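Heads up, the thing below is written out as structure tokens.
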Amino acid sequence: METQKQENDILLDFSGFEWVSFIPGETSVDDICVMHAKGEKSTFINRIIPEQYFSPSYCFQIVNKGFGKIYINNEEYDIKANDGFLLAPDFLVKRPTDLEGIDMYILAISRKFMAEMNLQFPLSLISHTYIHPVWHMNAQKVQGVIRYFDLLREVVAAQDRTAAMLLINSLFHFLAGDIANTKMHAPSISRNEDITGRFMHLVDAHCEQQHSLDWYADQLCLSTRYVANTIKETLGIPASSFIERALMQRAKTLLVSTPMPIQQIADQLGFRNQSHFGTFFKRHEGLSPAAFRKKKE
């Protein structure tokens with residue numbers, strides 16, 4: 001299958017993959033996209049992924065063979081055979097480098113589809129993956145994961161959302177034990193890292209309607225100042241900037257990939273009115289929402 005689409009300046013050209021299956025979503029971010037990149041075709045990385053971008057969806061990747069480096073939220077990670085890693089929406093990602101003989105399976109899931117699955121994991125496990133997104137598995141477990149991908153390829157190609165949802169839910173529960181085991185054997189997550197992970201998870205789930213740092217501090221049962229200082233120390237950016245960055249990512253996605261009127265986008269993103277949304281957008285982008293949309297046409 002070969003297709004191209006534009007998403008937040010990320011050109012997705014699937015012709016460079018061994019195979020790809022996807023179920024289209026309401027925007028240009030597919031509800032589900034499952035892919036396999038292998039060996040000499042790993043050069044696709046240089047053609048379709050920009051130097052740096054914000055992840056538009058959840059993305060789980062498993063390395064079957066090969067090695068390389070990835071950059072997530074300004075941290076460098078060495079990846080090798082039997083490593084898995086999970087990106088959440090709005091993670092800052094840089095293009096992988098030094099890929100050698102890579103054989104990698106990739107599953108991308110939209111926020112909407114993830115919300116519909118309603119995965120139930122301990123909060124400590126969720127916060128751990130936000131701070132430590134890479135973990136290692138044994139070879140036998142990886143082969144089990146690959147069998148999930150083979151099944152997903154078939155049900156997604158058949159456009160069967162229900163079967164795909166059940167399989168993905170099962171896959172994440174299949175992985176949960178390994179993530180938890182990695183958490184147990186990794187250096188203890190610090191209190192600041194735990195708070196940061198929970199904060200990032202809350203922003204991902206609620207930023208469209210909750211823009212105030214005070215609200216997130218209340219959810220964490222901490223003072224606003226304490227949360228602000230913690231996020232600044234851990235992520236290197238103000239907590240309010242992280243919230244605004246998530247909002248901008250969603251605003252750009254809606255402007256570029258949907259025909260929604262700007263007023264409707266402003267409503268969906270929790271702004272008082274279109275004027276307030278326009279002021280916010282122009283302050284960050286240097287363009288009005290309408291001008292940004294026209295530029296991307």
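Just so it is clear, none of the values below were taken in a lab; they were calculated from the coordinates. Just so we're clear, the structure is a prediction, and the values are computed from it rather than from any experiment. With ideal geometry, Cβ positions are generated from the backbone for all residues, glycine too; neighbour counts draw on all protein chains shown.
Evaluate the distance, in nm, between pseudo-label points positioned 7 Å from the Cα of Gln263 and of Tyr226 along their respective Cα→Cβ axes.
Between Gln263 and Tyr226, the label points sit 4.4 nm apart.
Taking H placed 1.01 Å from N in the peptide plane, check which residues at least 5 places from Phe67 or on another chain put their amide H under 5 Å from its amide H.
Glu100, Ile102
Quote to one decimal, in nm, the extra length available between Asn169 and His284 on full extension: 0.36 nm per residue of separation minus the C-alpha distance between them. Walk me through the numbers before you get to the answer.
Numbers: separation 115, 0.36 × 115 = 41.40 nm, distance 3.64 nm.
Residue separation times 0.36 nm, minus the Cα-Cα distance, leaves 37.8 nm.
From the phi angles alone, apply the Karplus equation (6.51, -1.76, 1.60; θ = phi - 60°) to the stretch 258-273 and give each ³J(HN,Hα) in whole Hz, x where the residue is Gly or Pro.
9, x, 4, x, 4, 4, 5, 5, 4, 5, 5, 8, x, 8, 4, 7
Past 20 Å, Cα to Cα, is the threshold; run Lys65/Lys141; Lys94/Lys296; Lys112/Lys252; Lys232/Lys252; Lys69/Lys112; Lys252/Lys282 against it and keep the listed order.
Going by Cα-Cα distance, Lys94/Lys296; Lys232/Lys252; Lys69/Lys112 fall outside the 20 Å limit.
Once amide H atoms are placed 1.01 Å from N in the peptide plane, what residues at a sequence separation of 5 or more from Ser57, or on another chain, have their amide H within under 5 Å of its amide H?
Amide H neighbours of Ser57: Asp90.
Please list, ordered by chain and number, the residues whose modelled amide H lies under 5 Å from the amide H of Gln159; skip anything fewer than 5 residues away on the same chain.
Amide H to amide H, under 5 Å and 5 or more residues apart or across chains, Gln159 pairs with nothing.
Full-extension gain between Glu100 and Lys80, please, as 0.36 nm times their residue separation minus the C-alpha to C-alpha distance. Mind showing how you got there, number by number?
On the way: separation 20, 0.36 × 20 = 7.20 nm, distance 0.95 nm.
So the extension gain works out to 6.2 nm.
Once phi is turned into ³J(HN,Hα) by the Karplus curve 6.51 cos²θ - 1.76 cosθ + 1.60 with θ = phi - 60°, what whole-Hz value does each residue of the stretch 227-242 show in order, with x for glycine and proline?
5, 4, 5, 5, 5, 4, 5, 7, 9, x, 9, x, 4, 5, 5, 5
Sort all Cα-Cα distances of the stretch 136-256 into consecutive 5 angstrom bins from zero, then give the percent of pairs in each bin up to the one containing the longest distance.
2, 10, 15, 13, 11, 15, 16, 12, 6, 1, 0
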